[in-house]
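Take a look at the structure set out below.
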Amino acid sequence: MGVVPSSLKRYRHRAILTVTGACVLATCFCIGSVTTYQVDSKPVKPLSELSNPQDILQAAEDLALKGNWLGAQPYFQQAEILFQAQHDEKNRLYAHINLLRANLESSNMSVQALANEEAELTRNPIVRKDNRLLMRALAIKGDCAFNFDPASSYDAWQKVLKIASEHHDYI
């Protein structure tokens, strides 16, 4: 066998790192998916049977945690409307942030539109002052980015981790 040129060695090393990185990201995604589906599987009441916006929001979150964003979409939408009617801006924003994620699943929103809205939301003073809102906005930003460009989701998830660690408040 001849000597392997150094450029080929660098290419091989870069390819190994790329494959390793992809495997790590895929593993994280798979672990996240498996954990998501281990959530309590109690049935969610139909939207027509719920009138309290907190109950509607909880049902929406139950569906979303099971990975059923499409099923959660009308719940988040209704919760947002009811919270707005009650002038409850924090909970309206929470429902709205989650509705953005649900809309992406249903193709009602482009990735670019979602990115623009998320950027605007993370600048909102109410969102910036509330760890729950900010972590959820960043988590959804990271989740959506991971589906389309895994490397770009890293910054969002690092911010979520930092906020969660500093405040001992995990999503």
Long-range amide H partners of Val44 with built H, under 5 Å: none
Ordering of 47-54, 77-84, 88-95, 121-128 by burial proxy (mean other Cβ atoms within 10 Å per residue, highest first): 77-84, 88-95, 121-128, 47-54
Distance from segment 82-111 to segment 141-161 (C-alpha centre basis), Å: 19
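Each value in this text was obtained by applying a stated rule to the coordinates, not by laboratory testing. Fair warning: this is a prediction, and the values are worked out from it, not measured in the lab. Positions of Cβ are backbone-derived with ideal geometry, glycine not excepted, and every protein chain shown enters the neighbour counts.
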